[in-house]
1. Could you list all residues from the range 32-48 that are polar (S, T, N, Q) and open to solvent by less than 60 Å² (accessible area, probe 1.4 Å)?
2. State whether one or more residues within the range 4-24 are on the phi > 0 side of the Ramachandran plot and surrounded by fewer than 21 Cβ atoms within 10 Å (Cβ to Cβ).
3. Would you mind finding the one in K29, K60 that is assigned to a loop (DSSP other than H, G, I, E, B), without any contact (Cβ under 8 Å) to a residue 60 or more places away in the chain and surrounded by fewer than 14 Cβ atoms within 10 Å (Cβ to Cβ)?
4. Restricting attention to the range 18-56, and to residues there that are at pLDDT 95 or above and β-branched (V, I, T), which single residue is nearest to V66 (Cα to Cα)?
5. Consider the range 32-57. How many of its residues are farther than 17 Å from R9 by Cβ, among the polar types (S, T, N, Q) and assigned to a loop (DSSP other than H, G, I, E, B)?
Amino acid sequence: MDIGCGDGRYTREFTKDFKEVVGIDLSKKRVEANNSSNSCKNVKYLNENFLTMKKDKLGKFDFVFVGDIF
């Protein structure tokens, strides 16, 4: 999981090491752009606020990355 995924740069990198990757970002515009240009079948981008979203709909993750959030 990539929290604050932005343009999805790290999200795409994680596909090399993980079977499924989820990128979460507050920007609806950014998530829509990521989904429209997404060529990775094992990546899903969500427009959510990680702090307030219902976590049970995400499932479990082996790795959570939070970087470049400001």
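The values are calculated or read from the model by the stated rules, or taken from the named source; none is laboratory data. Just so you know, these numbers come straight off a predicted model, no measurement behind them. All Cβ positions, glycine included, derive from the backbone under ideal geometry; neighbour counts span all protein chains shown. Note: accessible area is taken over every heavy atom of the protein model, side chains too, but ligands, DNA and RNA are not part of it. Shrake-Rupley method; radii C 1.70, N 1.55, O 1.52, S 1.80 Å.
1. N34, N38, N42
2. Yes: one or more hits.
3. K60
4. The residue in question is I24.
5. Matching residues across the range 32-57 total 2.
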